[in-house]
Amino acid sequence: MQLIGICVCYSIIDRKGRRPTLFASMTTVCLSLFLIGLGFALDVPIMTVASMWFYLFAFGVGLSTMPYTMNAEIYPVEYRGICVAQATGVFWASNFVVSITFLSLARALTNAGVFFLYFAIVVVSEVYFYFLVPETKGLSLHEIQALFHSEDDHSLFSEDSAKEHYGSVEFGSVRKLDDALEDADRHDGSDGSNEEDHATSNKQIV
């Protein structure tokens, strides 16, 4: 079911956007976790099993895929590799913590209680994400970076400013941005060489 959910995510994420896909996933995960806990509390096995299937599907649609998608978009190019690696490490470390604490929590809170706890955690997370996670659908790299800066810094990330510094380029891909940065470095290097040549010529004249 999770694999089916991942396939659904890949088919809708660019049409519906990151935030709607994520919040649809989290809302369904919340409902599924609550029903799993309720199934244990009422001793209704069919409710527990069916809710688990819905949970796996909903988790695949957003919560299992969106961390990788949005982490690959929101970081500056020069830090993207290390930041995505750290985020992936935190993702799997969290999975490990949930796995090793589940039985202890189930003994302390009962089977129903532990799923109600997970339900509460996802509710708090969804509220947090609602206010702090931006939509990145259709945005270029410098536009995404501008989302995380104050109004005073936005001029640094405007399209006109980027073109003035890097030249007239499109910022639709990391490769093009990297090429622009390399061109800027070469341009700065050539300016430095011209200045040195000019200074040498002046010394010779003197």
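The values are calculated or read from the model by the stated rules, or taken from the named source; none is laboratory data. Given the structure is predicted, the values throughout are model-derived calculations rather than measurements. Reconstructed Cβ throughout: ideal geometry from the backbone, glycine too, with neighbour counts over all protein chains shown. The accessibility values were calculated without ligands, DNA or RNA, using every heavy atom of the protein model including side chains. Shrake-Rupley method; radii C 1.70, N 1.55, O 1.52, S 1.80 Å.
Structure summary
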| quantity | calculated |
| --- | --- |
| Carbon and sulfur %, accessible surface of segment 1-131 computed with the full protein complex present, 1.4 Å | 75 percent |
| Pairwise label distance in nanometres, Ser11 with Ala50, each label 7 Å out on the Cα-Cβ vector | 2.3 nm |
| Ordering of 55-65, 10-20 by packing [mean C-beta count within 10 Å, highest first] | 55-65, 10-20 |
| Compactness of segment 1-144 as Cα Rg over 2.2 N^0.38 Å, two decimals | 1.14 |
| Label zone at Ala120 (point 7 Å along Cα-to-Cβ), backbone N below 15 Å, segment 32-51 | 34, 37-38 |
